[in-house]
Amino acid sequence: MLPQMSPLADKHKGCFTGTDPGKIIERLKQNAGSDEELALVVKRIAGRCPTSHWANLKALDDARANSEIGAVLSGDLALARHMAPRGDFVEGIRAVLIDKDQQPKWKPDDIAGVDVDKISAVLAK
C-alpha cells in the first residue's frame, strides 16, 4: 500500500510526469492560475536552484531504475560530492540566512542552461 500523498500533490499529480523539471514547473504554473495554495508552492519551487531541480529528478529516476541500495547510495554520494562545492550551495545560504534578501544568483540561472549530461555522468559512475 502506498503512503497517502498530500492533498495538493494528489490534486496536481498529472503535473509531475516526465523527466524534465522545467516542463514540470511549467505545468504547475499553468495549474496555479486557479489554485492559490499551488501558486505559493510554485513560486517557491521556481525560485530554487535550477541545477538542484535537475539533480533531484535525475537522482530519483536513477533510484527507481536501480534495485541495488548500495548503488543508489553510491550515486547519491557522488552527486553530493559534485553538488556541494558548487557556488550555488553557498549562494543559497547567503540569500536565505545571511543577507536574507531572498534573491539568490544561481549559476546557471535558468533550467535550460543546466548541464544535464554532467549530472547524469556523475550518477552513472
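The values are calculated or read from the model by the stated rules, or taken from the named source; none is laboratory data. Values in this document were obtained by computation on a predicted structure and should not be read as measured data. Methodologically, a virtual Cβ is constructed for each residue, glycine included, from the backbone with ideal geometry; neighbour enumeration extends over all protein chains shown. What goes into the accessible areas is simple: the full protein's heavy atoms, side chains included, and nothing from ligands, DNA or RNA. Shrake-Rupley method; radii C 1.70, N 1.55, O 1.52, S 1.80 Å.
Structure above, values below:
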quantity	calculated
Test: residue in the stretch 1-9 that is open to solvent by 90 Å² or more (accessible area, probe 1.4 Å), assigned to a helix (DSSP H, G or I) and farther than 28 Å from residue 117 by Cβ	yes
Candidate set: the stretch 55-74, residues that are among the acidic types (Asp, Glu) and in a helix (DSSP H, G or I); chosen: the one farthest from residue 21 (Cα to Cα)	62
Residue check, residue 35 at pLDDT below 95, of a type outside the set (S, T, N, Q) and under 15 Å from residue 25 (Cα atoms)	yes
Number of positions in the stretch 75-92 that are open to solvent by less than 60 Å² (accessible area, probe 1.4 Å) and either in a helix (DSSP H, G or I) or under 21 Å from residue 19 (Cβ atoms) (or both)	10
Looking only at the stretch 93-125, and only at residues there that are among the charged types (D, E, K, R) and under 17 Å from the mean Cα position of the chain (by Cα), the one that is surrounded by the most Cβ atoms within 10 Å (Cβ to Cβ)	107
Pairs where the first residue, in the stretch 23-40, is open to solvent by less than 70 Å² (accessible area, probe 1.4 Å) and the second is among the hydroxyl-bearing types (Ser, Thr, Tyr), C-beta under 6 Å, 6+ apart	none
Some residue of the stretch 42-50 being open to solvent by less than 70 Å² (accessible area, probe 1.4 Å), modelled with pLDDT of 95 or more and either outside any loop (DSSP other than H, G, I, E, B) or acidic (Asp, Glu) (or both)	yes
Options 18, 14; residue that is in a helix (DSSP H, G or I), open to solvent by less than 90 Å² (accessible area, probe 1.4 Å) and among the small types (Gly, Ala, Ser)	14
